[in-house]
Amino acid sequence: MGVKILTDSSSDYEQNEIREKDILFVPIMVSFEEEHYYDGVDIDKDTFYDKLLNTDIFPKTAQPAPREFLKHFHEAKEAGDDIIAILLSSGLSGTVQSANIAKQIADYDNIFIIDSVHAVTGVRLLVDTAVKLRDEGLSGKEINKELSYLVTKLRSVVMVDTLEYLHKGGRLTKAQATLGEAVNMKPIISIDSEGKLFMKDKSLGKARAYKKMVKEYQKIDRDINYPAYFPYSNEKENCEELIKKLKSIDENINENDIYNIGPTIGAHLGSGTFGFTVVEK
């Protein structure tokens, strides 16, 4: 008997990290019309952004089918293992729903499904915490209790560099996107308690956006027992500049905790996004 940790591709782990951390992985599909790829399996981040920026096709994502989870759940049941599934926000995807259907079919009590209410670095922070707790010998039930509380303390804020993909994804009207681009508007986005995106603030230009991002960071009474993670999409220098500014007010930041956003979320945000994920006390 043991504890297995499972996540989906919104966590943006590389395959070598998945092996090193000994976690199970369910990919989310991203499609460019008739070209279909499994995020993190047969398309990497560099290839994805190259296609995104050099084609007029808007990529779409599709949640995993219940069978993708069921095979892992059956294996855990046969082995008598606990399994912790840490997944993309149910406010952004039906991935949690698919996992719950698979749990019902598996009919096994020791499957714990955690709605991260987040994406990318929020999911990663939860998974990394789960790996640490597993390695310390905690049971699935104990890890589930710890993570269920931690979910409520996660705080993520990102700046989106282009409005194009929010418009194409139906989150902005064409008029809103056109007007926003005309004045160089940069939305500052967060995630509410239901795991849905909302515009926390907006800025005219990137220079002002950095100042507002720093202010948003300062509003949070950060728990330094957990790392601060920094997501970016394709353009790493944006996030590196933010980290530089934040390190002047928080000496506990590790500039190596910076992670490229993969196709699952990158398809909806486009290139140039950057931000932070922290845990509030």
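The values are calculated or read from the model by the stated rules, or taken from the named source; none is laboratory data. All values reported here derive from a predicted model rather than from experimental measurement. Every residue, glycine as well, gets a Cβ built from its backbone with ideal geometry; the counts of neighbours run over all protein chains shown. When the accessible area is computed, the model is the full protein with side chains, heavy atoms only, and any ligands, DNA or RNA have been set aside. Shrake-Rupley method; radii C 1.70, N 1.55, O 1.52, S 1.80 Å.
For the condition among the aliphatic types (A, V, I, L, M) and either out of contact with any helix residue (DSSP H, G or I) (no Cβ under 9 Å at 6 or more places or on another chain) or assigned by the TED database to the domain that holds residue 268 (or both), what is the one hit in 62, 85, 102?
Testing whether each residue is among the aliphatic types (A, V, I, L, M) and either out of contact with any helix residue (DSSP H, G or I) (no Cβ under 9 Å at 6 or more places or on another chain) or assigned by the TED database to the domain that holds residue 268 (or both) leaves just 62.
Looking at residue 37, is it surrounded by fewer than 21 Cβ atoms within 10 Å (Cβ to Cβ), touching a residue at least 40 places away in the same chain (Cβ under 8 Å), closer than 30 Å to residue 198 by Cβ and not charged (D, E, K, R)?
yes
When you scan segment 137-153, how many residues do you find that are over 23 Å from the mean Cα position of the chain (by Cα) and either more than 16 Å from residue 1 (Cβ to Cβ) or of a type in the set (S, T, N, Q) (or both)? Can you show your working first?
Applying the first criterion (over 23 Å from the mean Cα position of the chain (by Cα)) to segment 137-153 yields 137-139, 141-142.
Among the residues that remain, those that are also either more than 16 Å from residue 1 (Cβ to Cβ) or of a type in the set (S, T, N, Q) (or both) are: 139.
Residues flagged as over 23 Å from the mean Cα position of the chain (by Cα) and either more than 16 Å from residue 1 (Cβ to Cβ) or of a type in the set (S, T, N, Q) (or both) within segment 137-153 amount to 1.
Mind listing whichever residues of segment 118-161 are open to solvent by less than 30 Å² (accessible area, probe 1.4 Å) and among the hydroxyl-bearing types (Ser, Thr, Tyr)?
Hits for segment 118-161 are 121, 129, 156.
Which of (1) open to solvent by 20 Å² or more (accessible area, probe 1.4 Å); (2) over 20 Å from residue 132 (Cα atoms); (3) of a type outside the set (A, V, I, L, M, F, W, C); (4) outside any helix (DSSP H, G or I) does residue 64 not meet, given it meets every other one?
Residue 64 satisfies all of (1) open to solvent by 20 Å² or more (accessible area, probe 1.4 Å); (2) over 20 Å from residue 132 (Cα atoms); (3) of a type outside the set (A, V, I, L, M, F, W, C); (4) outside any helix (DSSP H, G or I) except (1).
Only one residue in 201, 192, 223, 250 is more than 19 Å from the chain's Cα centre (by Cα), open to solvent by less than 80 Å² (accessible area, probe 1.4 Å) and modelled with pLDDT under 90. Which one?
Just one listed residue meets the conditions, 201.
Any idea which of (1) under 19 Å from residue 115 (Cβ atoms); (2) open to solvent by less than 40 Å² (accessible area, probe 1.4 Å); (3) in a helix (DSSP H, G or I) is the one residue 48 doesn't satisfy?
The single condition residue 48 does not satisfy is (1).
The conditions are (1) modelled with pLDDT under 95; (2) touching a Leu at 6+ places or on another chain (Cβ under 9 Å), and residue 213 fails exactly one of them. Which is it?
(1)
Would you check which residues across segment 100-117 are open to solvent by less than 10 Å² (accessible area, probe 1.4 Å) and either among the charged types (D, E, K, R) or in contact (Cβ under 8 Å) with a residue 40 or more places away in the chain (or both) and list them?
Across segment 100-117, the qualifying residue is only 116.
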